[in-house]
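Contents: one structure, followed by commentary.
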């Protein structure tokens, strides 16, 4: 995710390159931007929850990136959905972005060395990685950019790698829990070893078409069990849910359960006030808020510089998150900006480090 | 305890007096927090204080939220080795992460009855000189409700039984719960009863200005019936800010930091 460094003057641009990283997880990007990994030092063994917005399906963008990234890197995936045909969703997963799309990529790849990738799955890439896919001639470089207009090649969807589970017709969550348990058992952590990581993506867990959607305690119990299982595995779980369908109290319980808690929100079209407030407004499709960041084995809270990011589709193909600066500005800093989008150069805005 | 090691929270809890008898003996402490500000660091500090070399306390830690390794790593950075304390039978860890009632023939009520019996049996099984120095910690109560499949009445019964142990054995009972879960309820019986029973209420909240890198939140400590050295007692409310670090927590009054 890109964050804009505070400026002292509206005339400053292209801040001089700062040495990449006094701060772990931060690297210098083009146009004075500082790229911050999601800040999550290690998302393995954690539960990420995304609160959906009923007015816009932006959580699906995040889910698609998450799933594609896992498949492209040979990581097994368990996908659960309330739709009638969960496997059909795989056809909408994006393909890795072409290397040609960004000429500065070569320069950036050098800078990437300092970047601590959020999912930390880069460490799993290597000679020991089992080759599930005989179609691949070359080892896949770590990829976190995806082209939403280009579907992922079908050879990634082999049944050995992707398990799709429909949750609409199940009377309760026992079957899903069983699926998750067997999936995670295959990726149990072994001290000293680095077993292949797995990903679980559960879409719209409390969707009204599911029979379990009015079983508050059953859903909570499922999430608690899943969280307990994932702590002893080498996997990461992403669950999306529409909080508007839960009571306030239940929503708070779900929020407390999450290790990392995000929410997405729609941006109204043609809102003149917002257009004045946010530069690049016309390119924004929504907002992403980071409410809580996983802190396993530590008591120190992670305080992000910015917790709200704009969701943009660069060239209508590439999902990009950009930090929104918070208003009001601190007069003592000399900054003359109010809230702004990434004035520092959205044309080469940061990629989604997810 | 050495006075130079004491912080504002220690003083608010009355830990600035003699360590014998343990100032929290027979007392119920409730830690409340919310999504924005976790109160777990208070629990960790109380674990460290309870297991200080100058005290004789034994902790029965009932963990619904995190595995042993999580607390071990955190307390190590705070200067307390839970593995050693566990081996020395001063830190008894009940891993309840996967407890689910009803399950395996246990009803919601049955599961919590068994848990209480296990706690009682553990206390009774301690050597005579340790029985009077037990601290029961529960992390956290909202997950006890989930484990009990929403049976809040059973959870309340369980807490009442644990509360009875504070007078029977002079135990301390320290629990953590998420206040924001109950604030929207019309009748938040569980949290109200817990607050009523508590001798000390510690609340972690964000500042009105939100979170910042140098101030992580504010603590409000209500100590009902504090006992001073001179024997006086009274309710005291303390409020201060805090910043959580790996190896310590800094507490300070608003505006006192340079």
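Just so you know, all these numbers are worked out from the coordinates, no wet-lab data involved. Note that the structure is predicted; figures quoted are calculated from it, not measured. As a convention, Cβ positions derive from the backbone with ideal geometry for all residues, glycine included, and neighbour counts pool all protein chains shown.
Calculate the tail of P(r) for the stretch B:129-170: the fraction of all Cα-Cα distances greater than 15 Å, expressed in %.
Numbers: 412 of 861 pairs.
The calculated P(r) of the stretch B:129-170 puts 48 percent of pairs beyond 15 Å.
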Taking A:303, A:200 and counting other beta carbon atoms within 10 angstrom, the fewest-first order is A:303, A:200
List the relative contact order of chain B as a percent without decimals, with contacts defined as Cα pairs under 8 Å and 6+ residues apart. 26 percent
Can you pull the Kirkwood radius for the stretch A:170-306, inverse mean 1/r over Cα pairs, to one decimal in Å? 17.4 Å
Of B:40, B:183, B:142, the one that fluctuates the most in a GNM where chain B has Cα springs shorter than 10 Å: B:183
GNM flexibility winner over chain B from B:126, B:82, B:51 (Cα, springs under 10 Å): B:126
Other protein chain Cβ atoms within 10 Å, averaged over every residue that makes up A:222-235: 3
By the Cα gyration tensor axes a ≥ b ≥ c (a/c under 1.5 gives rounded; else a/b larger than b/c gives prolate, otherwise oblate), the shape of the stretch B:128-258 is oblate
Mean other chain Cβ within 10 Å across A:250-256 is 6
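Can you give me the relative contact order of the stretch A:201-325 as a percent, contacts being Cα pairs under 8 Å and 6 or more apart? Intermediate values should be presented prior to the final figure.
On the way: 142 pairs, mean separation 22.3, N = 125.
Relative CO of the stretch A:201-325 lands at 18 percent.
For the stretch B:53-171, rounded, prolate or oblate, judged on the Cα gyration tensor with a ≥ b ≥ c (square roots of eigenvalues), a/c < 1.5 rounded, else prolate if a/b > b/c? Please list the in-between numbers first.
Numbers: a/c = 2.21, a/b = 1.37, b/c = 1.61.
It comes out oblate by the Cα gyration axes.
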Mean separation of Cα contacts under 8 Å (at least 6 apart) over the residue count of the stretch B:1-79, i.e. the relative contact order in percent, is 22 percent
Distance (nanometres) between label positions extended 7 Å along Cα→Cβ at residue A:168 and residue A:248: 3.3 nm
Gaussian network model of chain B, Cα within-10 Å springs - most flexible of B:25, B:208, B:69: B:208
Under the 7 Å Cα-to-Cβ spin-label approximation, residue A:182 and residue A:153 lie apart by a distance in nanometres of 3.0 nm
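Averaged over peptide A:301-309, how many Cβ atoms belonging to another chain are found within 10 Å of each residue's Cβ? Please list the in-between numbers first.
Values: counts 11, 1, 8, 2, 1, 0, 2, 0, 0.
Rounded to a whole number, the mean comes out at 3.
So what is the calculated 222 nm ellipticity per residue for chain B, using -39500 (n - 2.57) for each DSSP H run with n of 4 or more, over all residues, to the nearest 500 deg cm²/dmol? Each step should come with its number before you reach the end.
On the way: 9 runs with 86 residues, N = 258.
After summing the helix terms and dividing by the residues of chain B, the value is -9500 deg cm²/dmol.
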For the pair residue B:164 and residue B:189, how long in nm is the line joining their label points, each one 7 Å along Cα→Cβ? 1.9 nm
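At a 10 Å Cβ-Cβ cut-off, how would you order A:59, A:291, fewest neighbours first?
Details: A:59 23, A:291 15.
Fewest-to-most Cβ neighbours within 10 Å comes out as A:291, A:59.
Fewest Cβ neighbours within 10 Å first, please rank A:284, A:60 accordingly. Don't skip to the end; give the middle numbers.
Details: A:284 22, A:60 17.
Ranking A:284, A:60 by Cβ neighbours within 10 Å, fewest first, gives A:60, A:284.
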Between the stretch A:239-285 and the stretch A:59-87, the alpha-carbon center distance in angstrom: 21 Å
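Please work out the FRET efficiency for the pair residue B:212 and residue B:6, using the Cβ-Cβ distance as r and a Förster radius of 25 Å; give the result to the nearest 0.05. List each step's numbers first, then the result.
Working: r = 25 Å, r/R0 = 1.01.
With R0 = 25 Å, the Cβ-Cβ based efficiency is 0.50.
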